[in-house]
Amino acid sequence: MDVQMSKLDQSGGGDPPRERRARRPRYRGTHPTSYAQKYKEHDLAAYPEIEAHLRAKGTTPAGTHVPVLVEEVMACLRPAPGDIVVDCTLGYGGHAREFLRRIAPGGRLIGLDVDAAELDRTRARLEATEATASFHRSNFAGLAKVLRREKLDGCDIIFADLGVSSMQIDDPQRGMSYRQQGPLDLRMDDRLQQTGADLLNRLSEEEISQALWKLADEPDHGTIAHQIVARRRVERIARTTQLVQLVFEAKGLDPKTWRQQRRAAESGALHPAARTFQALRILVNDELGALRELLRVAPSCLRPGGRIGIISFHSGEDRLVKQSFRDGVRHGTYAATAEEVVTPGPQEIGSNPRSASAKFRWAVATSQG
Ligand SMILES: C[S@@+](CC[C@H](N)C(=O)[O-])C[C@H]1O[C@@H](n2cnc3c(N)ncnc32)[C@H](O)[C@@H]1O
């Protein structure tokens, strides 16, 4: 991450005293591999040397997130002193920190996230600054309600960086990754009634098949759905490993052979279970429903001349954003929108491979309101 030092970043001179920490899980060797073993990465304030070391290797330290397209977002949304900015997807606060720096003095940042654990951590990190910020555990579909609670009739910037954070993907307990062993949870918001396991064990074969096709373009959607329904008659599908194994079986692949072939091809071939996990996550969190609602209310939440910018990582989301902004221009709610989608350059992708599929679009509200 290109960290720009600002008054927000400066925690005062001198090394803080190191507190005694509780005993940590022990592991053999010098290179921690599991999430739990990476205790230093979870506490970068105490181990600052680790962050620089990992970032130089192009690795995101566990428990952190590298913000994408930061300069491009700032150039298009033009945050200025005094602006009111709503960061709809606070995450680790990378974009929020940059907004805060640019809207001071007199500006105000309102940060939303559905993930209580991450919201608390980021709030603590950002509240250690002098800028004005407030935080809400809220789905961005409820943006209008949040503005009413803040007694605001509108804001200057609405920003959303869709999808999941690295912290959520890397934590095995969240069940978001086919790479990690864990419960098949996949909820960003633990107040949601249904986990990924609940959905997989309840939906019909047709519903699963449609979700895999429509939300992730999974070519083997029918076979995978069939396999899921057949397996759940024998046992409940509750772990990430079960789902991964099931996808390999449905595709007629052997995991060991697949790994060898991928290594030989030296390509970034998509993991066979990647699309299935993506579809299930989008479904569990109703990600498209929330985005549709955000796009619907956004024009009425922006002040005249206000800007909206959205980063998406999925073609279905990008299509919704593009269409909504273009419709807005046609109907006169937006004065302008991005002609071309903004994507990361090779340098950003090299240093942060997770940015590779990012697509950023923006629009400007008309000035008469
Ligand atoms: C890609 S991360 C954002 C990263 C952030 N821009 C940063 O710089 O650290 C997406 C975050 O948005 C949250 N999120 C996803 N969908 C949401 C929704 N509908 N409403 C509120 N928060 C949401 C996730 O919990 C996650 O923390």
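Every number here is computed from the coordinates shown, using simple stated rules; none is lab data. Values in this document were obtained by computation on a predicted structure and should not be read as measured data. Cβ sites come from the backbone with ideal geometry, for glycine too, and all protein chains shown count toward neighbours.
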(request) Taking amide H positions as placed in the peptide plane 1.01 Å from N, state which residues far from Thr89 in sequence (5 or more) or on other chains have amide H under 5 Å from it. (result) Leu112, Asp161
(request) Compute the FRET efficiency between Glu71 and Glu235 as 1/(1 + (r/R0)^6), taking r as their Cβ-Cβ distance and R0 = 45 Å, and round to the nearest 0.05. (result) 0.35
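How much length is gained if the chain between Gln181 and Arg125 is pulled fully straight, taking 0.36 nm per residue apart and subtracting their Cα-Cα distance, in nm to one decimal?
Here the answer is 17.2 nm.
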(message) With unit charges on the beta carbons (Lys and Arg positive, Asp and Glu negative) and the dipole taken about the Cα centre of the stretch 281-343, which residue among Gly309, Val341, Leu288 sits farthest to the positive side?
(response) Gly309
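What is the gain in length, in nm to one decimal, between Arg319 and Thr257 on full extension, counting 0.36 nm per residue of separation less the C-alpha to C-alpha distance?
On the way: separation 62, 0.36 × 62 = 22.32 nm, distance 3.60 nm.
Computed gain between Arg319 and Thr257 is 18.7 nm.
Sorting check: for 357-363, 255-261, 285-291, which peptide has the highest mean count of neighbouring beta carbons within 10 Å, and how do the rest follow? Don't skip to the answer; put the middle values down first.
Numbers: 357-363: 22.4, 255-261: 11.6, 285-291: 18.3.
Peptide ranking by packing, descending: 357-363, 285-291, 255-261.
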(message) Whole-Hz ³J(HN,Hα) for each residue in the stretch 133-149, computed from phi via Karplus 6.51 cos²θ - 1.76 cosθ + 1.60 with θ = phi - 60°, x for glycine and proline: what do you get?
(response) 8, 9, 10, 10, 7, 8, 6, 5, 4, x, 3, 4, 5, 4, 5, 5, 4
(request) Return the subset of Lys145/Lys322; Lys214/Lys322; Lys256/Lys359 for which the Cα-Cα distance in this structure is over 23 Å, preserving the input order. (result) Lys145/Lys322; Lys256/Lys359
(message) Per residue of the stretch 304-321, what does 6.51 cos²θ - 1.76 cosθ + 1.60 with θ = phi - 60° give for ³J(HN,Hα)? Whole Hz please, x for Gly and Pro, Karplus curve as stated.
(response) x, x, x, 10, 10, x, 9, 9, 10, 10, 8, 4, x, 5, 4, 4, 4, 5
(request) Measure out, as a whole number of angstrom, how far apart the alpha-carbon centroids of the stretch 167-228 and the stretch 63-108 sit. (result) 31
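Report the charge-dipole magnitude of the stretch 193-284 in Debye, nearest 20, computed about the Cα centre from +1 at each Lys and Arg Cβ and -1 at each Asp and Glu Cβ. Please report the intermediate quantities before stating the final value.
Numbers: 14 positive and 11 negative charges, 69 e Å.
Dipole size: approximately 340 debye.
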(message) Given a Förster distance of 35 Å, report the FRET efficiency between Arg330 and Asp189 from their Cβ-Cβ distance, rounded to the nearest 0.05.
(response) 0.55
(message) For a quick check: with amide H placed at 1.01 Å from N, whose amide H comes under 5 Å from Asn139's, ignoring anything fewer than 5 positions away on the same chain?
(response) none
(message) Projecting each Cα onto the charge dipole of the stretch 184-307 (Lys/Arg +1, Asp/Glu -1 at the beta carbon, about the Cα centre), which of Ala273, Leu246, Ile224 comes out farthest on the positive side?
(response) Ala273
(message) Roughly how far apart, in whole Å, are the Cα centres of the stretch 327-359 and the stretch 281-325?
(response) 13
(request) At 0.36 nm per residue, minus the direct Cα-Cα distance, what do Arg137 and Arg78 gain on full extension? Give it in nm, one decimal, please. (result) 18.7 nm
(request) Hey, can you grab everything whose amide H is under 5 Å from the amide H of Ile84? Only 5+ residues off in sequence or another chain; H modelled, so Pro and N-termini drop out. (result) Arg108, Asp156, Ile157
